[in-house]
1. What share of Cα pairs, in percent, lie more than 14 angstrom apart in segment 72-111?
2. Any chance you could get the radius of gyration and Dmax over the Cα atoms of segment 36-186, in Å?
3. Residue 46 to residue 150: FRET efficiency via 1/(1 + (r/R0)^6), r the Cβ-Cβ distance, R0 22 Å, to the nearest 0.05?
4. Which length gain, in nm to one decimal place, applies between residue 89 and residue 117 when the Cα-Cα distance is subtracted from 0.36 nm times their residue separation?
5. How high is the FRET efficiency from residue 127 to residue 78, r the C-beta distance, R0 22 Å, rounded to 0.05?
């Protein structure tokens, strides 16, 4: 019986250490995230954004020089197309990057389609007295949370190859959102 209790205690300690290690790794990545992409160069111009951008095979952004854009999401279950909506840039302080704000666009990349269609806003829970509230997204480049109700916010980055990309912010509950699912590539015209 005593041996069994010792084994159980040791197993519990190992489990706690593993959970603490995982928690620390998520925390470390959120604070010290250093992707291979870099901020746009100082000679970055708004014209560099003009054109057609693609994320995967189902989503396109058409960005015009008159500060309007159109988002086309061609998923069979959740087709969506904006009108020609307004876009604008936000330069962050202390070298934290440049964000592209797309008014009226939806975030189908990192949240459930139902939440994307609500404008990245959690529904209210009246029985618990909880009002609707915007979903917070983690910007691993600026190391801060961002809300984007009824719009999409992307970080403008440059890959080591020199390619300009538009990078999604990380969804709630995720430390990092990486890979091709998070990135828009400009289509060469």
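1. On the way: 466 of 780 pairs.
Across segment 72-111, Cα pairs with separations above 14 Å total 60 percent.
2. When restricted to Cα atoms, segment 36-186 yields Rg and Dmax of 15.3, 53 Å.
3. Working: r = 23 Å, r/R0 = 1.04.
The formula returns an efficiency of 0.45 here.
4. On the way: separation 28, 0.36 × 28 = 10.08 nm, distance 2.34 nm.
Gain in length upon complete extension: 7.7 nm.
5. On the way: r = 28 Å, r/R0 = 1.27.
The value I calculate is 0.20.
Where a number appears in this text, it was derived from the coordinates with a stated rule and is not lab data. Because the structure is predicted, anything quoted here is derived from the model rather than measured. All Cβ positions, glycine included, derive from the backbone under ideal geometry; neighbour counts span all protein chains shown.
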